[in-house]
Amino acid sequence: MFLRHATLMRLLAGVTLLCLMETDAVAQVQDSLKRSNTPLVEQLKSAKPGMKEVLSEAEMHKFNNIVETINKRKRFLDQLPANIPGTNNLINLSKSQSPFSGMKDSVMGEFLHYVGNNFGKERVNKLAKSLLVSGDSAGLQKYLGNKLKGFYAIKGKEAFQIPSFESLVDNQFKGAQYSLVRDNTALAPAGWMHHLSASNDMMIMDIPFHFELANLSDTYMPLRYNNLVKVSFDKDAFKGRMQQKLAKYYDLEKYLLNEVDMLSFVKKHFEQELTSQVEGLKSSLVQNPKAMLFSKFSYDELLKLDISQVKEKLMPADMVKGVKEQIGVYEDVLKNRASELSAVQRDSLVKLVTQKTEHLQSLDQLVTKVSGVKEKLAASGLNVNQITRQQQQTNTQTFNRWNQPSTIKEAGSNLLPQNGLQRFFGDISALNIGTFANNKSERSINALISGGLQIEALKKSSLLGGGLGNIKDAGFLKDAGLQSSLTAAVSMQYAQLGKGTTGRKGTTVTVMNANTYSPASLYYEANNLARNIFVGTISKSFSVRKNGTVEAEVSKSATQFRNTASVSPDQAMEQKSALYSYAEDLLQTLSAGVRYQDDWEQIGLTHNAHVAYAGFGYNNPGNPSASKGSLQYDLQLRKYVEKKKGFLQVQVANRNYNYSADGDQRWKNFQVNLQARYRFDRNLTLGGRINQYQLIRKTATGNQKMYVSRKIAAEGQYSSGLFGLHQRSVFSVGLQQFDNVYTQQGGNSSLLLTQWVTSILLQQVQATVSLFYNKELTENKLIGDQLNAETGVGYTIGKKIMMNSSLTYLDNKLAARQLGTRQSINMMILRNCSIGAYIDWRKNLIEPINPYLYGNFRGELTVQYQIK
Amino acid sequence: MMRYLLILLLCGLQLRAAAQITFQFVPEVQGRTADGLLWVKLTSLSQQPATISLDISVTEKKAGRIISVTTAPFAVMPGNNAIERKAASNAVIRFADNNLARLVKQSSSFPEGEYEYCFQAFRADKGGNRDLLGEQCFDYLVEPLTPLFLIEPFHKEQTCDKRPTFTWQPSMPAIPGAEYRLTMVEKKGHQASQEALVYNLPLINQTNITAPMLIYPANANSLVEGKTYTWQVTVYKAGVILNRSEIWDFTVKCTDTPAVERSEGFRDIEDLAKGNYYVAHGKLCFAVQNPYQAQAVEYALFCINKPDQIFKKLPKVKLRSGDNNVTIDLSEMKSMVDGFNYIFTVRLPNGRTQKLRFIFKAPL
């Protein structure tokens, strides 16, 4: 009997829960139940022939609970506006047809008003008609069901008239900055630099766009690209804005049907069970046992306290002892002094004894009942700790779900009135206009685009993207003085089609068409032969184990010069599009690579392995730095120790380059890099690194070492008290060796590089001493013995001015000797405005031999206005 | 410019007799790509302007003829001239039928080989007169450049060094006269590395570097803790970009040992205990008054998230007589878990017990 009761209870719990949940939520609950090892699922299965039936039953009753709750809820609108024509049909239908069966007329009126106002009266009208004609179609039911869920979750009156956007245009200026830099170093590419930048956020119909502007110029050197602009659709802000709006009008936990609070369900059940059990104890003595019980306990306490605690609180030992003693006294009197008592006195005493005994008995019974209910609950697998844990889990899941773009998108389109443009941007995952970086993948597109456009839409799991623009090298302030580049400028268009989510699991196909052009301006010129380049790339990624990802990519390019004549003398022009010759020279124009990254959390190991091949003829304008003529593999391993207190990293790369048509000659680049660091305690961290990078030329006659760079270094950080003051030091010492066949005629250079920085805090002043010293250990001097020393103080004046003043000294045995000062100041002048200045001035004690490395003045002035 | 001319001379000006037009071509730069052929400069020794078309042919020692390019007619003035853009873009190109030519066609650059570049200028006026006005050939052993790899600071490295030394692997084979330029900019949070390089002001833009390393320029401002920087090295010669390195980032972050920081201030333990939310970043800081003689602080910790946790070896704290600013360093205690809630119970010198609930945040 007991088992049947418990089973039924669990079944009820299951059905109620499942009724209120969407199928995926059901899955989540099932999942969490399975994980927490409750026998609930098992019981459900045994109680009914299968979960399927339970689920279909749940489907059947999907809206019953919602309707029931809405019926009970207080009306939001005092007076309903006039009915939408034709909706009477709906109201009538509500009496018989699901999903509205049982819905009160007034509630239905509110619901229709909610749908009509927010999603269009015509739509409601249409729905009413089609419901009349088609009856209970699945699609219609789904639509109305979703709207009903929304209506169920509304917060208040405001939700009956949600605007599709708050304002047509809402502009928010984020800030601007102007910098002026003067550097008098000889041959400096830009001696006077100006930089003006501004950023701005603009919402158009609640769709956020971010604007970045920069103007960079050099006083003497006109640049090709002074003005840079980037306009981008801010997907995160869009998501955030929608979340904000949803939260304003709706109770989202309700919408996600997560208010099915398992703990309160259990509490409710416990309360019912307890009430029915306790009510049975009603007697002349205890008129209202429930009230008595709850005058001492809350449900929470009853649920959480163990039975001895309950007993102690209900029947404190002192009290019981007192009562028992009293009964003893009465009984003693009745027994030993019965002859002295009158009949009335005896009757009264007997009554008292009975009353007191019964009182104790009823309290005892109460404790037994409470204990029984608690035991029953525990036996059914629903103990408090478990429920709390499950509740926490479900809350986390809801939170995670609520932050998923797909949930926000779904909720947004179901709950908020949206115009066409808003719906369009709901599917857009990226939109960029102007000068921007487009880094999709190594072989598809990975470049800075100028004068371009990029758009990408993600619907369900399908990706559709594309873009156009110019990819060109140089012409920016950083390139001042450079007049041409071997990398040809191209104007390109690309399209991308994919399936699956990016990153973890998916396949993307990218096709790119590009044409070279010849940029020409007074200071930058590069004539290029006109040609058409076509690249097709397939990128595939899938996940391995828990954290691993494998990315594989194959790409093939084809180039066709525009004015190609055949070798024969009739000069017949060949086709102009590279697409026609796409199948030619397969191996030479192919690039392929596989990368496997993984993270073994338990042993603290991460790795990144990569194998790649590229033919010499592979030409991808989408990634000007893509390697060609190469076969390479590289591996990086990182092992953390003691909760990331330290790590050991190994990196090995072996790259072979074949730049000849016959494959006779090869370049072999080999790198090995070892790095380790360990934090002993809060005060001391030590680390070290060893690396070797070398390039070998392999010819038919043998190997020739072209270049070797080796380094061994130790570094550390140490902090401690020093005469009652707090100090921190950072130091490193390293031996660097270069061997370059060209510049050092086979000889090598060895350098001892040391560095020491100590900061000490003296009240409000921070003093810093820093030393850098390089010692050349061999005859082949690379940079000369050099000492850079600086000693300075940082301090604040008032609350708004921060200063740094230092003395500097530089001594290079080969080239220069300078003594100077360095001063920087940062000042808040208004709430949002700050001014910063930096001046480094040096006096040349000897005339520098290579003055392009040793300027004696650099000044920077920056004015910043920032709205936080 | 002088250097440029000197190199030109060294490359061997093989001036043919009676030539009216001479050519300036730097094969170690311009002889690497098909496009580079069009960057040849022409000097007209004639006093009169002329309309010419240019034939360029490239042959390799083993493979033979590779390509030939014929420009559209363009005007040449007395003195120095470049090929007109229109004439260049309308140039007709012919590829020979061999492996090497196919590679050039696909990659637009010349694979390894011993090349001869010949330039012929023909008169191309309306009269149909096709006099040879100048002819010149240049030889060069082309060896395509290996990529320029960066070494240090390592990509995505976190460094304590605010004036780091930069090193990279040179692009090989070395070209006489080629130099490096190193650009470093600050990278703002929302920017991609390539964007940072063009949108932001270069903090270092050092040119004329000959060694594959750069000591942090003495007059540049030191890097700032917490900021991320992006850098790239370019190898160039005579104003022409030959090769660029990949773009790397590094962050200046020195979190392993505590920074020399100003104290966050000590609030009275009684005040702290009144509030219900205190976040202890690695340590508990509070002020307490001790009117009695120096004594040790008696305190205990209780973890709300893990009630059965036992705390051993609590750091010892001594109170002086008078006002005390107490710091209890919790960061080295292994039992402390980031994000967990704790109750700190302390017995004050006046005999009262004070409880403080706090959330522990690991400092690293």
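Here, each number is a calculation from the coordinates, and none is a lab measurement. Small disclaimer: the values here were computed from a predicted structure and weren't measured. So basically every Cβ, Gly included, is an ideal-geometry build from the backbone, and we count neighbours across all protein chains shown.
Observations, loosely collected:
- Most fluctuating residue given options B:Gln289, B:Gln120, B:Gln24, as computed from a GNM of chain B linking Cα atoms under 10 Å: B:Gln289
- Cα centroid of region B:64-86 to Cα centroid of region A:305-328, whole Å: 112 Å
- Spatially, region A:821-868 and region B:197-254 are offset by 18 Å when compared through their Cα centroids.
- Highest-fluctuation residue, B:Arg352, B:Arg123, B:Arg244 considered, GNM on chain B with Cα pairs under 10 Å: B:Arg352
- Rounded to the nearest angstrom and listed largest first, the equivalent-ellipsoid semi-axes of region B:2-142 from its Cα gyration tensor are 24, 18, 13.
- Inter-centroid distance (Cα atoms) of region A:495-557 relative to region A:410-451, Å: 18 Å
- Above-threshold pairs, the threshold being 32 Å between Cα atoms, out of A:Lys628/B:Lys162; A:Lys668/B:Lys156; A:Lys174/A:Lys628; A:Lys800/B:Lys318: A:Lys628/B:Lys162; A:Lys174/A:Lys628; A:Lys800/B:Lys318
- Computed over chain B, the P(r) tail beyond 32 angstrom holds 59 percent of alpha carbon pairs.
- Computed 3J(HN,Hα) for region A:752-761, one whole-Hz value per residue from the Karplus formula 6.51 cos²θ - 1.76 cosθ + 1.60 where θ = phi - 60°, is 9, 10, 10, 8, 8, 10, 10, 10, 10, 9, glycine and proline marked x.
- Calculated from backbone phi, Karplus (6.51, -1.76, 1.60) coupling profile of region B:23-32 in Hz, x at Gly/Pro: 10, 10, 9, 10, x, 5, 10, 7, x, 8
- Order of B:Arg130, B:Arg85 under a 10 Å beta carbon neighbour criterion, fewest first: B:Arg130, B:Arg85
- DSSP bridge analysis restricted to region B:269-361 gives an antiparallel fraction near 90%, rounded to the nearest 5.
- Fewest-first ordering of A:Phe297, A:Phe209 by other beta carbons within 10 Å of each residue's beta carbon gives A:Phe297, A:Phe209.
- Chain B: most fluctuating residue of B:Leu242, B:Leu348, B:Leu133 per GNM, C-alpha cutoff 10 Å: B:Leu348
- Counting every alpha-carbon pair across region A:445-510, the share separated by more than 13 Å comes to 69%.
- Sorted by Cβ neighbour density within 10 Å, fewest at the top, the residues B:Asp97, A:Asp78, A:Asp206, B:Asp268: A:Asp78, B:Asp97, B:Asp268, A:Asp206
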